[in-house]
Ligand code: AQP
């Protein structure tokens, strides 16, 4: 079976609908046909300052949401990045293989460091994509299911895999992105020009999966649209309505054309009301399942420990091969 690897950051108290549709839902769908490794990337989270107790809580909340979404520890390896020390170790090797200019071209760093204010961004935030390269290459992943925002980092993984293979002999599988076009970029409901992001400055445009369903319904009802009346998919002139249609189609497993047909002659209010109901229906049981997983912390930690063992078995093998190829004396 081909292998997949992906990760999500524990940087908020809830995943967003963007994380769910762009990534997590695909992870669940892939666990039977692929040899799947999924992790909560706490090493990545500390690239911006985190409160220790909050980070620990959010790491467990992230794992619980992944289980609630349908990841089955019997069918995939679910683990925490810091439990597998090989990530940081291979990250160093990859840093030494990356050009400074090459790293400087990563647009996510530009976006995220701008948010931190001038000079405040950490070196870790700058080298984050290189750690991500290590995450992927350690598992010899064939595919990496992510949203569109991660495409550039995936390119870096491919470049570095090829560079290493060229210099030291074939060691790494060159990974391919696995991006589901229809849900690759879910936009903020208040600012449909920006992606929905779990640590956005204002939560007004975010659908947080664990929020009170009434709050989410209200946010959908106040989503920014346009001054026309027609419910039609057109991302250029109607980005707000198009985003709602995308979300509706993805969650309802229907085509956008079908929805356009259904809403002929109806208003934005109708679309929003129906979408709000669908979101409530989908995520009320999700929230309950997440709470159940969180209620038994011992069991949750045991699942993660077991996933970490499975992951380490693979990661240690790759790292040993890398160390040997670059000329380190064996221990
Ligand atoms: N709006 C989105 N649409 C589709 N996919 C998305 N993803 C994130 N936002 C959207 C995908 O979710 C996965 C996990 O993301 P992450 O935790 O690594 O962080 P991120 O990409 O930086 O996502 P956020 O929500 O914006 O987090 P913060 O605010 O912490 O930076 C990835 O596969 C991502 O593509």
Legend entry - Verdict on residue 118 being at pLDDT below 85 and more than 16 Å from the ligand (Cβ to nearest atom): yes
Legend entry - For residue 125: the one exception among (1) within 11 Å of the ligand (Cβ to nearest atom); (2) part of a loop (DSSP other than H, G, I, E, B): (2)
Legend entry - Test for residue 173: is it within 10 Å of the ligand (Cβ to nearest atom) and within 22 Å of the chain's Cα centre (by Cα): no
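Tell me whether the stretch 301-316 contains one or more residues that are out of contact with any strand residue (DSSP E or B) (no Cβ under 7 Å at 6 or more places or on another chain) and farther than 30 Å from residue 172 by Cβ.
yes
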Inset, instruction - Would you check if residue 78 is buried (at least 19 other Cβ atoms within 10 Å of the Cβ), in contact (Cβ under 8 Å) with a residue 40 or more places away in the chain and more than 19 Å from the chain's Cα centre (by Cα)? - result: no
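Every residue, every condition in (1) buried (at least 17 other Cβ atoms within 10 Å of the Cβ); (2) away from the ligand (no atom under 13 Å from the Cβ); (3) modelled with pLDDT of 95 or more; (4) more than 12 Å from residue 5 (Cβ to Cβ), yes or no:
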site	(1), (2), (3), (4)
139	yes, yes, yes, no
146	yes, no, no, no
156	yes, yes, yes, yes
169	no, yes, yes, yes
Legend entry - Options 4, 40, 61, 28: the member that is more than 10 Å from the ligand (Cβ to nearest atom) and touching a strand residue (DSSP E or B) at 6+ places or on another chain (Cβ under 8 Å): 4
Legend entry - Failed item, numbered, when residue 230 is tested on (1) touching a helix residue (DSSP H, G or I) at 6+ places or on another chain (Cβ under 7 Å); (2) more than 14 Å from the ligand (Cβ to nearest atom): (1)
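The values are calculated or read from the model by the stated rules, or taken from the named source; none is laboratory data. What you see is a predicted model, and the numbers here were worked out from it, not measured in a lab. Because the Cβ atoms are built from the backbone with ideal geometry, glycine has one as well, and the counts that use them run over all protein chains shown.
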